[in-house]
């Protein structure tokens, strides 16, 4: 089948649409073979029992088990097969389960259950039926994996995609009912720092027993009632036969067929779990552009900061290590990761991870740019070829000490080192001529972070937390530019030469110490009072130097011509706060009042600039729980943000071949309001899931760059302004299960309005974007897995000029099991960009594979084709305040791979 597709240059997406219609019509025939059985579950006083489990077990063979979960009105709905007898069991904690026998010849289509209380202590209840497809508790969802899997899944990701309300995107980020999973656990222990991608793409599907989703997660049990954590955790429970044994898989593959690109892949994932010791190892080497983890995972690895301290930014730049990058000409990556945890005693445990990553990439990007100033329009065609070498090492260790069940200590230490070397050649063509820029960049980064946490519960009313966090970062990029023509004339003091060589060194060194003490007073079940005393201190040093190295070896130092920054920066934030949490029925509120004493001191050029302010920052959190499956939450904050050290550096800095930046030593704090409204509802009876989030942000004091644009050359400097900036965003989704299908509607809307000063003229700019999408999926174990989605996007910019863009995106996936042991997959993506004057470009990508593995046989074999159409480029369009760009990115060619896997 794959070889047949190799002879096809393009798949007409109309054929895909026709195929989906035929599948739907075929499914309507299958619908006639089943019927819907409904009813209500209540107690003997007719009070609905929300989240009761209803299980229909077929009495005869070759029929599948059915289940449902009662909604807030106690209603349930089962989709049963005709001419099949069922034993329908209803269970609810604290109640005696009830059984109803439905005969195969029965015409009954509804039955109500009235459960009676056991009258026993909950701890003494023995649940006879262990099978519970979904268990809904206050903050926890528990999915039984066997209820949703068909046995053909290879990795955890494929299991999660079949759970109701759970989504996994292409980057491995997991969301549950629209909320992002922020902590990944396996058997209750953090998995590689809690990132999701390493888990979902490496843990074997057949090792999973249950998936627990825990909202408002806090790893300190006695803190959960008071911490108000917004973390969403996912805990993986393993099957018993996977414990105390090494399990995992190994795979290796190489390019076959007519290709001579030398593509290969090798991957190993090994796991060992026991009550006291957990060990995981993941290794990967490939040249097909596959990244093992995401930037989100890397930011977690680069965190090393206590979760009780918010707002501390990491200076580590790790983006080069997370490019899941087929958008390159070549990509050779090597990765190794080791994760462990061990209980040294009943009170002390140690855990940690080590990461090593090395990536070598070759890329080519073309840009057609239109620069829009209020005086003239300039055009530039850019062709950039680059080679990048990025190496990263991270080591992290964490100690967990519990002297008692009312006291907890943590120590976490992390060391991180990275090197990023980049060589690029840029050809720039403008109406003034052609220039060639060769760039060599080398950046060495070092980071050391550590924190201590102490939590203690004195009694049922009083709990305290103390945290101290220290972080050190050092970043030293060295940049060299080589060109045949003078550039940025009038902005940099270059001397005439045959060829031009510029050297730049930037050095940023930062050290921060943050401390926080918080007291939690539980007055009663409806009233809590929290007190906070804290201090954040940061010291930074920022140095830059630029010079021209002439052909005769002499040096043209720019330091005496307004370049060369040397600034020492201190920012101290001492604050106290009071939070009052109260409950009125189902409504929980927590207003907070914080007083911050800010002291900023910046020393540069023998000038000492000091800002001292006392600022009031209120906040409000509010949650309303309609029922276990429907919630509404609201948050509001007034915040202040002070400028970073490079924004205060008041000498010139070369940023790029066409950009010079100069800071502003007189900058003070930005002030902004943020508000968030979130609604979530899951109705299991109707098969409906609603998620909606509205974000609002308004800056009343703003730091924004003023821009002077001359042709393609830019000079930027930040200024304080009272011109407000307003940003509104909305994300929403609605999904509906219709018989054995899932239909989902997604929408993403944003509106951004701000003032921009360009060439001394201030304009009001507006950026709007709207994306609306529809996804149709099959949701039945015995059918092929089919997904077809379409998204329409609109983007517009209004300022000096008006620009409009549209996108049409089609995504589809098909998976079918053939003759029990063969699994065939197709993934197809189509994207069309339409911009002004009805100009457009598009690309479409198709990946396909066939996998063979006999049941209980450890060996598997796969033939796969990536980029079957052998597409050369991907296209995109972008716009900014003064620029419209059409971009073409060269990508990896077609790769035909044969892979052998072995499951331990």
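Readers should treat all values here as calculations from the given coordinates under stated rules, not as data from a laboratory. Everything numeric here is computed off the predicted structure, so don't read it as measured data. Cβ sites come from the backbone with ideal geometry, for glycine too, and all protein chains shown count toward neighbours.
Looking only at the chain, where both bridge partners belong to it, what percent of the DSSP beta bridges are antiparallel (to the nearest 5)?
95 percent
Using a cut-off of under 19 Å, list every residue of the stretch 393-428 whose amide N is near the label point 7 Å from the Cα of residue 377 along the Cα-to-beta-carbon line.
none
Viscosity 0.890 mPa s, temperature 25 °C: what is the translational diffusion coefficient of the stretch 727-879 from Stokes-Einstein with a Kirkwood Rh over Cα pairs, rounded to a whole number of µm²/s?
Calculated translational D: 130 µm²/s.
Using the number of other C-beta atoms within 10 angstrom as an exposure proxy, rank 882, 264 with the fewest first.
264, 882
Along the Cα→Cβ direction, 7 angstrom out, place labels at residue 694 and residue 460. What is the inter-label distance in nm?
Using points 7 Å along Cα→Cβ, the separation is 4.0 nm.
How far apart, in nm, are two points set 7 Å out from the Cα along the Cα-to-Cβ line at residue 100 and at residue 726?
5.4 nm
Normalised by the number of residues in the stretch 425-530, what is the relative contact order in percent for Cα pairs under 8 Å and 6+ residues apart?
Once normalised by length, the contact order is 28 percent.
If Rh is defined by the Kirkwood formula over all Cα pairs and Rg also comes from Cα, what ratio Rg/Rh do you get for the stretch 37-83?
1.06
How long are the three semi-axes of the equivalent ellipsoid for the stretch 601-706, computed from the Cα gyration tensor as the root of 5 times each eigenvalue, in whole Å, largest first?
44, 19, 9
Treating the angle as unsigned and between 0 and 90°, give the value, to the nearest 10°, between the Cα long axis of helix 13-31 and the longest Cα principal axis of the chain.
Helix 13-31 sits at roughly 20 degrees to that axis.
Evaluate the relative contact order of the stretch 34-251 (contact order divided by residue number), counting alpha-carbon pairs under 8 angstrom at least 6 apart; express in whole percent.
Relative contact order of the stretch 34-251: 15 percent.
Quick check: residue separation of residue 260 and residue 348 times 0.36 nm, minus the Cα distance between them. What number comes out in nm?
That works out to 26.3 nm of additional length.
How long are the semi-axes of the ellipsoid equivalent to the stretch 409-525, from square roots of 5 times the Cα gyration tensor eigenvalues, in whole Å, largest first?
Square roots of five times the eigenvalues give 54, 15, 12 Å.
Please give the contour-minus-distance gain from residue 484 to residue 38: 0.36 nm per residue of separation, less the Cα-Cα distance, rounded to one decimal in nm.
Roughly 152.7 nm would be gained on extension.
At R0 = 41 Å, how high is the FRET efficiency between residue 861 and residue 81 if r is their beta carbon distance? Nearest 0.05 is fine.
FRET efficiency, residue 861 to residue 81: 0.70.
Direction-averaged shadow area of the convex hull around the Cα atoms of the stretch 34-251, nm²?
Mean projected area of the Cα convex hull: 14.8 nm².
Enter the mean projected area of the convex hull around the alpha-carbon atoms of the chain, in nm², rounded to one decimal.
40.1 nm²
How would 228, 498 line up from fewest to most surrounding beta-carbon atoms within 10 angstrom?
Listing 228, 498 from fewest to most nearby Cβ atoms yields 498, 228.
Suppose R0 equals 51 Å; then what is the FRET efficiency for residue 431 and residue 610 from their Cβ-Cβ distance, rounded to the nearest 0.05?
0.60
Restricting to DSSP H runs of at least four residues, report the calculated mean residue ellipticity at 222 nm for the chain, -39500 (n - 2.57) per run over all residues, nearest 500 deg cm²/dmol.
So the helix-based figure for the chain works out to -1500 deg cm²/dmol.
Please compute the contact order of the chain in relative form: average sequence separation of alpha-carbon pairs under 8 Å and at least six residues apart, divided by the residue count, as a percent.
8 percent
To the nearest 0.05, what FRET efficiency results for residue 533 and residue 840 with a Förster distance of 51 Å applied to their C-beta separation?
0.30
Counting other beta carbons within 10 Å of each residue's own, what order do 213, 532 fall into, fewest first?
Arranged by neighbour count, lowest to highest, 213, 532 become 532, 213.
Taking only the alpha-carbon positions of the stretch 835-904 and ignoring solvent, what does the Debye formula give for the base-10 log of I(q)/I(0) at q = 0.15, 0.17, 0.22 Å⁻¹?
-0.67, -0.75, -0.96
Once fully extended, how much extra length lies between residue 798 and residue 627, figured as 0.36 nm per residue of separation less the alpha-carbon to alpha-carbon distance?
So the chain would gain 57.2 nm between residue 798 and residue 627.
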